[in-house]
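Please read the structure below before turning to the comments.
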Amino acid sequence: MMDLFFKTKAVFEFIATGLTLPNRKTIGGKILKNTAKSLQENIIKTAENDKNGVTATFDGWTNVKMEQLWGIVFITSKGQPLVWGAHEISSERSRTADQGKSLI
């Protein structure tokens with residue numbers, strides 16, 4: 001894994017000499033939060049601007065760690081999927097409708 005890290009770093013140093021890449025703490029913190037917020041705002045704006053409305057789809061599945069996941073995807077009238085999110089619900093035991101309400 002570290003070998004891949006050093007190869008990736010070498011490629012960026014070759015392409016853009018002097019470029020300082022943010023560390024994983026910065027990417028996983030401030031950058032991730034800002035990007036997620038911007039994405040969510042764009043999803044809301046797209047859904048609100050759809051004159052014909054959107055369709056909400058709900059799905060549940062199990063990941064490779066055997067955790068129960070629940071997700072919501074909105075689909076615009078033009079067929080564009082807007083992924084609202086997925087949440088781990090293994091510890092919660094409830095009906096489908098209850099899960100949907102807690103995610104919106």
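The values are calculated or read from the model by the stated rules, or taken from the named source; none is laboratory data. From a predicted model like this one, the values you see are computed outputs, not experimental measurements. All Cβ positions, glycine included, derive from the backbone under ideal geometry; neighbour counts span all protein chains shown.
Checked against (1) closer than 30 Å to S77 by Cα; (2) of a type in the set (S, T, N, Q); (3) part of a loop (DSSP other than H, G, I, E, B), S38 passes all but a single condition, namely (3). Would the stretch 60-83 turn up any residue that is free of Cβ contacts under 8 Å to residues at least 40 places away in the same chain, assigned to a loop (DSSP other than H, G, I, E, B) and β-branched (V, I, T)? Yes, because at least one residue in the stretch 60-83 is free of Cβ contacts under 8 Å to residues at least 40 places away in the same chain, assigned to a loop (DSSP other than H, G, I, E, B) and β-branched (V, I, T). No other residue among G85, G71 is among the small types (G, A, S), under 21 Å from the mean Cα position of the chain (by Cα), surrounded by 10 or more Cβ atoms within 10 Å (Cβ to Cβ) and at pLDDT below 90 apart from G85.
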